[in-house]
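Since the structure comes first, as structure tokens, the remarks are kept for the end.
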Amino acid sequence: MTITLAIVGRPNVGKSTLFNRLAGRKLALVDDTPGVTRDRRPGDAKLVDLRFRMIDTAGLEVAGPDTLEGRMRAQSEAAMDEADGALFLIDAKAGLTPADELLADILRKRGKPVVLVANKAESKGSESGMYDAYRLGLGEPCPISAEHGGGMLDLRDAIVETFGEERCFPPKNDPLAEAITDVDIPIPQGADDEDEGPEYDESKPLRVAIVGRPNAGKSTLINRFLGEERLLTGPEAGITRDSIAVDFEWQGRKIKLFDTAGLRRKARVQEKLEKLSVADALRAIRFAEVVVIVFDSTIPFEKQDLQIADLVVREGRAPIIAFNKWDLIENRQEKLAELREMTERLLPQIRGIRAVTVAGQTGDGLDRLMENIAMVHKTWNKRVSTAKLNRWLDHTQGHHPPPAVSGRRLKLKYMTQIKSRPPGFMISCTRPEAVPESYTRYLVNSLRKDFDLPGIPLRVVYRSGDNPYASKDGKTKRPSLMPKKSARRTVSGKLAPKKRSG
């Protein structure tokens, strides 16, 4: 069985930097500002030939349980209880502090193996900090440089010596030894080159991102799904900074939920750390398959809400609206009719989008939300055969033909689906550049209605057939019916003699 190690330490000692180094990529946000990490983030570590699970934690700070720092400390202590041991990081350049000694006492009381790691050992004057680390009574410190990758071999040997080779290197026939996979779940690709794709597999894992404005209740909603206080929540706006992925199972189906930072208006995002958080949230949207846009039912459809919804549609993800804080609404029937009318009026680019009322505090509506997530994901993967599309295209043109542009008629010849996730269609026509945008909207809305594709983004592109008489400059060369003068020949194939004048 593989081991799980919690990376602990006081703020700004390089825990997230070491986490990214062991993961082999930048998963956690890193900044010089202390206290960047707030939630605990799990991940898979690779250290030469050693594989293990790791948990990035927030920096330990002495504060009351009702404060934000106190709730961050509770998350770190929960990670210590979950892990088999700890990587205790200290700053070799700054030396020991009272916070380091307090954390060492907490680790000793838990009685779990601890690997003492002296980070920033490449700095000048770090030797004195390493010697001070012996006072903690946790053994010999392992000097490393998480920023530059120095001392990783020594860290690997220290972990193996602390936990033993049997736990660090389980037998190959152990099924759990092969259970360590990458954090990413491979995207199940449809058979885009086939006319009819495979049937929808309801057992495949699903990736869902939860996005919205700050303080809309995203983390609370995920905690209610999991049934535990997995993510840091509170009345303060902007608590979540990293995009945290948590595993969840619903009716036997594995689901990975991504909690993201609140997205404010671009003009208000000025600090570097918030820019990093927003970029991480946008990355989570592109990585997800279904995106749940959380609206505050008390103040719905703010301008930023509409911009987030438009962003999700432009990225091609499958969107769902969750009207959160429904338990605070009094006249629910009247409010529900108002929300339905506003959804149809303010989001015309995604006609038929699914909307569910939920309450993150009480858990009402979560089952309906998961059912709609499964349904919209199935629609997002849908494929339509070419024969059906061409019969539909002939009927649609006959009912409402494309308009004439510059006195010339447009002719739509052929149609096929070139991709799914989201569905994309190609139409072969005479002049692709002349098709009006209004007619494209008409085709998209007809596709939604006739093939049952509501609430997902659809892509329609136009292409023209190859013109053998088209030159490189775009002008059409007309074939000449008269033979060239230089090519005049007799019946026998010889050149005819030129006639002399006079």
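Could you list, in sequence order, the residues of the stretch 234-250 that are touching a residue at least 40 places away in the same chain (Cβ under 8 Å) and either in a loop (DSSP other than H, G, I, E, B) or exposed (fewer than 13 other Cβ atoms within 10 Å of the Cβ) (or both)? 234, 236, 239, 240, 241, 242, 243 - these are the residues of the stretch 234-250 that are touching a residue at least 40 places away in the same chain (Cβ under 8 Å) and either in a loop (DSSP other than H, G, I, E, B) or exposed (fewer than 13 other Cβ atoms within 10 Å of the Cβ) (or both). Filtered by the rule that a residue be under 19 Å from residue 286 (Cα atoms) and among the polar types (S, T, N, Q), the stretch 214-267 gives 240, 243, 260.
Of everything listed in (1) surrounded by 14 or more Cβ atoms within 10 Å (Cβ to Cβ); (2) out of contact with any strand residue (DSSP E or B) (no Cβ under 9 Å at 6 or more places or on another chain); (3) outside any helix (DSSP H, G or I); (4) among the aliphatic types (A, V, I, L, M), the single unmet condition for residue 299 is (1).
Taking the criterion of being in contact with a helix residue (DSSP H, G or I) (Cβ under 7 Å, 6 or more places away or on another chain) and under 17 Å from residue 238 (Cβ atoms), the only residue of the stretch 53-75 that qualifies is 58.
Note on the stretch 59-81: among residues that are of a type in the set (D, E, K, R) and within 13 Å of residue 9 (Cβ to Cβ), the one that is surrounded by the most Cβ atoms within 10 Å (Cβ to Cβ) is 73.
Determine, yes or no, whether residue 12 is within 18 Å of residue 99 (Cα to Cα), assigned by TED's automatic domain parsing to the domain that holds residue 145 and at pLDDT 80 or above. Criteria met by residue 12.
Applying the set (1) assigned to a loop (DSSP other than H, G, I, E, B); (2) touching a Lys or Arg at 6+ places or on another chain (Cβ under 8 Å); (3) not charged (D, E, K, R) to residue 270 leaves exactly one unmet item: (2). For the stretch 339-361, filtered to residues that are in a loop (DSSP other than H, G, I, E, B) and in contact with a Lys or Arg (Cβ under 8 Å, 6 or more places away or on another chain), the residue that is nearest to residue 322 (Cα to Cα) is 358.
When the stretch 392-417 is limited to residues that are surrounded by fewer than 13 Cβ atoms within 10 Å (Cβ to Cβ) and not charged (D, E, K, R), the one that is nearest to residue 289 (Cα to Cα) turns out to be 395. If I ask for residues that are in contact (Cβ under 8 Å) with a residue 24 or more places away in the chain and either loosely packed, with under 14 Cβ neighbours inside 10 Å or within 24 Å of residue 450 (Cβ to Cβ) (or both), which ones from the stretch 347-374 would you list? Selection gives 347, 349, 350, 351, 352, 353, 354, 355, 362, 372, 374.
The lone criterion from (1) more than 13 Å from the chain's Cα centre (by Cα); (2) closer than 27 Å to residue 227 by Cβ left unmet by residue 280 is number (1).
Being on the phi < 0 side of the Ramachandran plot and either within 25 Å of the chain's Cα centre (by Cα) or outside any helix (DSSP H, G or I) (or both) is a property that residue 377 has. For the stretch 94-145, filtered to residues that are in a loop (DSSP other than H, G, I, E, B) and polar (S, T, N, Q), the residue that is nearest to residue 74 (Cα to Cα) is 97. If I filter the stretch 390-399 for residues that are modelled with pLDDT of 90 or more and under 33 Å from the mean Cα position of the chain (by Cα), do I get at least one hit? Scanning the stretch 390-399, I find no residue that is modelled with pLDDT of 90 or more and under 33 Å from the mean Cα position of the chain (by Cα), so the answer is no.
The values are calculated or read from the model by the stated rules, or taken from the named source; none is laboratory data. Given the structure is predicted, the values throughout are model-derived calculations rather than measurements. Note: ideal-geometry Cβ built from the backbone for every residue, glycine included; neighbour counts use all protein chains shown.
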